[in-house]
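The values are calculated or read from the model by the stated rules, or taken from the named source; none is laboratory data. What you see is a predicted model; the values in this text were computed from it and never measured. Here the Cβ positions follow ideal geometry from the backbone for every residue, glycine too, while neighbour counts run over all protein chains shown. Please note that ligands, DNA and RNA were not included when accessible areas were found on the heavy atoms of the full protein model with its side chains. Shrake-Rupley method; radii C 1.70, N 1.55, O 1.52, S 1.80 Å.
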Amino acid sequence: MLNIDALRVSYGGARALDGASLTVGPREFVAVVGPNGAGKTTLFRAISGVTPIESGTLKYDGRDLARVAPSVRAALGIAHVPEGRQVFARLTVLENLEMGAQSAAARQAWRDTLDFVFTLFPRLRERQRQLAGTLSGGEQQMLAIARGLASLPRLLMLDEPSMGLAPAVVEQIFDSIHQVHRSRDIAILLVEQRAAEALEACHHGYVLESGRIVMQGRHEELLRDERVKRAYLGQ
Ligand code: ATP
C-alpha cells in the first residue's frame, strides 16, 4: 500500500532522512522507533507532502506521491495525526471532528464515525460541546486521533501519540489504537520514541537512527534483539 524507497530529505544543508526505505501493507500495523531527531516526524511530513523530498520514491497504491498535491493525499485516504496534538483550540470537540470529515464519503459516514469515535473515547462524547483548548492533554490526543479517523482513512499515521502524557494515559491511548486496528479496515503507521509500547503494538517495526533505517523486523524479532533491548527497551 505504501512503499518508500531511498528517501532523502534535507533542511537547508542538514540531511534529516538519508536513504530511508519502508513498506506498509494493507491493514498492517507498522511502527518506526528511534531517538530524538532521528527523522521520524520528517518521514511523516514527507508522506503527507508538508516537506519536499530531495530524492527517492514515495508510492501509495502504486501511485507516485510526488505527483499528488498534498491536499489530494488526504482524499486518497492518508490521515496524518501530527505530533503535539494540534487540535483547533477555539473550536468545540464536535467542530474539530467535523473538520476531519471533509470528503463526500466522510460526510456520508458521519453518524457512523461519531458512534465509533465516541465508543472508542467516551470522554469525547461527554465533552463534545467543550472547547478543544480546554481539554486535558490526553483528551486532546484522543480528539486528534478521532479527527484523523473522521476522514475515513485507509492509512492512519500517528506521530508520537504518547508525547507528554502520563503512563496511565499512554496505556489508554495505545489500547485505543489497538482497538482501531482490530475494528477498522485500515493500516497504521506509528512513529514513537516509546519503543517498548510501539514494538509491542506493531506487526513490523523499523529502527530509524540519524535518518537511516538501521534495523527492521517482525515485532517479536525486534523485541528479542539484544541491541534493541539495550538501546531502546532499557533491558
Ligand atoms: P523528535 O522525536 O525529537 O520529534 P524526530 O525523530 O521526529 O525527532 P525530526 O523532527 O524529523 O526528528 O528531525 C530530524 C532532523 O531534522 C533533526 O536534526 C532536526 O533538528 C532537523 N529538522 C527538523 N525540522 C527542521 C526544520 N524545519 N528546519 C531545520 N531542521 C529541521
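Miscellaneous remarks
- Between the helical axis of 137-150 and the longest alpha-carbon principal axis of the chain there is an angle of about 90 degrees.
- Exposure check, 1.4 Å probe, all protein chains in place: E98 carries approximately 90 Å² of accessible surface.
- Net length gained if the chain between A6 and L76 were fully extended (0.36 nm per residue, minus Cα distance): 22.9 nm
- Top of V207, V32, V169 by mean-square fluctuation, Gaussian network on the chain, Cα under 10 Å: V169
- Separation of the L91 and R230 label points, Cα + 7 Å toward Cβ, nm: 4.8 nm
- For the stretch 1-84, the spherically averaged projection of the C-alpha convex hull amounts to 5.6 nm².
- Label-zone membership for the stretch 34-62, site Q193, 7 angstrom Cα→C-beta point, backbone N under 15 Å: 34-42
- With q set to 0.12, 0.16 Å⁻¹, the log10 of I(q)/I(0) for the chain, from the Debye formula over equal scatterers at the Cα positions, is -0.65, -1.15.
- In Hz, Karplus ³J(HN,Hα) per residue of the stretch 18-24 (6.51, -1.76, 1.60; θ = phi - 60°; x = Gly, Pro): 10, x, 7, 10, 7, 10, 10
- Rounded to 10°, Cα long-axis angle of helix 167-183 versus longest principal axis of the chain: 90 degrees
- Extension gain from D64 to T134, taking 0.36 nm per residue of separation minus the Cα-Cα distance: 21.2 nm
- Span from the the stretch 54-104 Cα centroid across to the the stretch 193-229 one, whole angstrom: 26 Å
- Sorting E226, E197, E139 by accessible area puts them as E226, E197, E139; the probe is 1.4 Å, largest comes first, and only protein heavy atoms count.
- Surface share of carbon and sulfur [accessible, 1.4 angstrom probe, percent] for the stretch 69-201: 50 percent
- Averaged per residue, the chain has 46 square angstrom of accessible surface, using a 1.4 angstrom probe with ligands and nucleic acids left out.
- Antiparallel DSSP beta bridges within the stretch 2-232, percent to nearest 5: 55 percent
- Sequentially through the stretch 64-69, phi angles give Karplus couplings (6.51, -1.76, 1.60; θ = phi - 60°) of 6, 5, 4, 9, 10, 4 Hz, Gly and Pro residues having no value and appearing as x.
- Most to least accessible of I53, I4 (protein chains only, probe 1.4 Å): I53, I4
- Local electrostatic count, P167, Cβ distance below 11 Å [Lys/Arg +1, Asp/Glu -1]: -1
- Close amide H partners of A16, meaning residues 5 or more places away or on another chain with modelled amide H under 5 Å apart, are V9, S10, Y11.
- Under the convention that each Lys and Arg Cβ holds +1 and each Asp and Glu Cβ holds -1, the size of the dipole of the chain around its Cα centre is about 420 debye.
- Relative contact order (%) - the stretch 2-232, alpha-carbon pairs under 8 angstrom, separation at least six: 29 percent
- Sequence-distant residues sharing a close amide H with M157 (under 5 Å, placed H): A79, H80, V81, L189
- Calculated [θ] (222 nm, deg cm²/dmol) that DSSP helices of n ≥ 4 give over the chain, each run adding -39,500 (n - 2.57): -11000 deg cm²/dmol
- Cα-projected label distance for S55 with R107, points at 7 Å along beta-carbon direction, nm: 4.4 nm
- Simple label model, 7 Å out from Cα along Cβ direction - A14 to S183, nm: 4.2 nm
- Area of R184 that stays accessible when all protein chains are in place (1.4 Å probe, Å², to 10): 70 Å²
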